[in-house]
1. Residues A:Val168, A:Val164: which one is within 14 Å of another protein chain (Cβ to nearest Cβ), of a type in the set (Val, Ile, Thr) and farther than 29 Å from B:Val28 by Cβ?
2. Sort through A:Pro222, A:Pro191, A:Pro205, A:Pro234 and tell me the only one that's buried (at least 22 other Cβ atoms within 10 Å of the Cβ) and closer than 30 Å to A:Leu319 by Cα.
3. Taking the stated definitions as given, is A:Arg266 modelled with pLDDT under 95 and either β-branched (Val, Ile, Thr) or under 30 Å from A:Leu31 (Cα atoms) (or both)?
4. Please determine whether any residue of segment A:59-72 is at the interface with chain B (Cβ under 9 Å from one of its Cβ atoms) and among the basic types (Lys, Arg).
5. Which one is farthest from the other protein chains (Cβ to nearest Cβ), of the residues in segment A:74-86 that are closer than 22 Å to A:Leu62 by Cβ and surrounded by fewer than 19 Cβ atoms within 10 Å (Cβ to Cβ)?
6. Quick check on my filter: what residues within segment A:112-144 are at pLDDT below 75 and either touching a Pro at 6+ places or on another chain (Cβ under 8 Å) or among the hydrophobic types (A, V, I, L, M, F, W, C) (or both)?
7. Looking only at segment A:30-51, filter to residues that are among the basic types (Lys, Arg) and over 22 Å from A:Leu127 (Cα atoms); which one of those is surrounded by the fewest Cβ atoms within 10 Å (Cβ to Cβ)?
8. Look at B:Leu280 and say whether it is in contact with a Lys or Arg (Cβ under 8 Å, 6 or more places away or on another chain), touching a residue at least 12 places away in the same chain (Cβ under 8 Å) and either closer than 14 Å to A:Val263 by Cα or more than 10 Å from every other protein chain (Cβ to nearest Cβ) (or both).
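The values are calculated or read from the model by the stated rules, or taken from the named source; none is laboratory data. Fair warning: this is a prediction, and the values are worked out from it, not measured in the lab. FYI the Cβ positions are ideal-geometry reconstructions off the backbone, even for glycines, and counts take in every protein chain you see.
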Amino acid sequence: MAGRDYDWEGVRLHVVTGKGGTGKTTVAAALALALARDGRRTLLVEVEGRQSIAQLFDSPPLPYEERKVAVGPGGGDVFALAIDPEDALLEYLEMFYRLGRAGRALRRVGAIDFATTIAPGMRDVLLTGKIYEAVNRRQDRGRTYDAVVLDAPPTGRITRFLGVNAEVAGLARVGPIRGQADAIMALLTSPQTAVHVVTLLEEMPVQETADAVAELTAAGLPVGGVVVNAVRAPQLKQADLAAAGKGALDRDAVVAGLDAAGVRIRAGAVDSLLAEVGEHAERVALEKRERRTLKALGRPTYDLPLLSVGVDLGGLYRLADDLCRQRMA
Amino acid sequence: MASPTLDLDRVIASRSTRIVVCCGAGGVGKTTTAAALGLRAAEQGRSVVVLTIDPARRLAQSMGLTELDNTPRRVAGVDETAGGSLDAMMLDMKRTFDEVVIAHSTPERARAIMENPFYQSLSSSFAGTQEYMAMEKLGQLRAQDRWDLIVVDTPPSRSALDFLDAPKRLGSFLDGRFIRILMGGAKTGGRAYLKVLGAGLGAVTSVLTRVLGAQVLKDLQAFIAALDTMFGGFRERADSTYQLLQASGTSFVVVATPERDALREASYFVERLGEERMPLSGLVLNRVHTTGVGALSAARAAAGAETLQESREHPLVASLLRLHAERMRMIEREQSLRGRFTAAHPKVPVVDVPAQPGDVHDLAGLRVIGAALAGT
């Protein structure tokens, strides 16, 4: 399937955001894996200092160094990097200014600490700067990475995070910082970037997805696809769902069915079982409504199933495969 | 060993509880928990204000409020027969910052600060300011003494710990040499200071000029010089808010869902609160799946579904059994994650809030959550 078409051909930076709790780290990891198919090379980046990637891939905590964490389907490499703002700043200063002793002096007087933890926004500038560097890095005849996938801050902060360099450009009208900020903004607003939003079929995550799409669009940032996570396969026929929602399922028929299945439970438990189905019907109805809201956003949408035992490495490959089949990668 | 049950009714009923802080990872239901606790306390007779910080205005949605700004507003529809009341507000960080500036400087100085481009981005758009301002607002509400209980929802931070670290960071920053170096360049007499600090400083200033550009450095210095007079005030307030968090009238409620990441974050938080000697009430475990069909395991339900599938009879019951099996597997997973937490923190009281089929967006829904929080 090498070279086959997919929806994000030409995108070099995939930014994955989503409301907290929607599983954006899992989706980012699955996407990095999917994009590493057929001998490609991807870099999965985390910026929140949580070491979530290491946990997902069962590897020890990542240092500030790119490490291979997995092999993509059909061969290919997934590298991972946890960006530490302080190291990123020292690296940046060394690379552009060859500071040496002065760099150590900066650290001694607290300037590095100031810049990375206290000066608001500076942290985001450094993080986006490092991502920019990784996207554009060259090696031998081509780019080091075919794609970079960023496990980004949640929807509530994503526009501010990605727009931080425009903010800097507003403060620094000239000078080297200005040049760097402009270059980063040019990448982030170009078709080489896509900001994907992860959601669940629940009201608040869908609402935040809609808000994020509107905010990103207003800020000139390229919105990518919507990934609907933890989708449950439909279990009941439409008519049964409707009856279950009204509490109108035939109790005697259910008792007879349980009997035929060789499942013997108390009479009270039968009612509880019916109540569980009623809840399910209610949720399916809600999900349908949220689906319509998502559809109205007009973005390519990808579904990932709920893995009831939780996500392990095997689960990640399965999700990556799902993304490939839906042509997200 | 079973962990003790968290009795939140006791926490909110106690008149000595003055502040409840709801903290935890993003997306675990902090805002809803804060609103539900506030509502329950109000209906039990306390005069409550709920402070939320989330820009998604989730509290507004769940409390039927269309407008939440920097002033607490009375929530309508609350049962006030027990003599309590509920106000709610959403943090406007820019306005809170402005208020601090105005309160701590002369009108001319305040204007100079507010016109500086650094102030404008610092106060409105940069990440990190939110945590400082949330603490500031909490301090203000407490100082007003208009309510006998304040329930705080913490900012959607990178990490739940940011909220705790914000005031301390501000304090250490204000004591830092770096800020004095920056100020040294902007004030007369600063040069002598630079000399005292000794070697490396010339290098620092020259590096800053090279990296930031002379103009940015000048703006930054002007900004810091203008803020100079306010620093004492900032510092004092940061310290007193931190002490407020350690006081016995404060109660931390850590919120999580039965998921790996959320519980890991909750663990970190519980440990940090212990280290900082901050009073922890316990853990609220949100969205826990339960079943009334306890005796029917996932394996047995799945086997029954297979039997029916083979005989091609009762397709509806086969689906019911599959749904139940799915639910039981989820319950098993949740219980094992819960068990991991309670094994590591056996003394931390826990209360489970059952998963609701739909989202909460009205007072009735909040009452249901409130009752679950109280374990009733």
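1. On the way: A:Val164 fails: farther than 29 Å from B:Val28 by Cβ.
Being within 14 Å of another protein chain (Cβ to nearest Cβ), of a type in the set (Val, Ile, Thr) and farther than 29 Å from B:Val28 by Cβ holds for just one of A:Val168, A:Val164, which is A:Val168.
2. On the way: A:Pro222 fails: buried (at least 22 other Cβ atoms within 10 Å of the Cβ); A:Pro191 fails: buried (at least 22 other Cβ atoms within 10 Å of the Cβ); A:Pro234 fails: buried (at least 22 other Cβ atoms within 10 Å of the Cβ).
Just a single option satisfies the conditions, and that option is A:Pro205.
3. Details: modelled with pLDDT under 95: yes; either β-branched (Val, Ile, Thr) or under 30 Å from A:Leu31 (Cα atoms) (or both): no.
No, not satisfied.
4. no
5. Per the stated criteria, the residue is A:Asp77.
6. Of everything in segment A:112-144, those that are at pLDDT below 75 and either touching a Pro at 6+ places or on another chain (Cβ under 8 Å) or among the hydrophobic types (A, V, I, L, M, F, W, C) (or both) turn out to be A:Phe114, A:Ala115, A:Thr116, A:Thr117, A:Ile118, A:Ala119, A:Met122.
7. First, pick out the residues of segment A:30-51 that are among the basic types (Lys, Arg): A:37, A:40-41, A:50.
Filter once more, so that each one left must be over 22 Å from A:Leu127 (Cα atoms): A:37, A:40.
Details: A:Arg37: 22, A:Arg40: 19.
Selected residue: A:Arg40.
8. no
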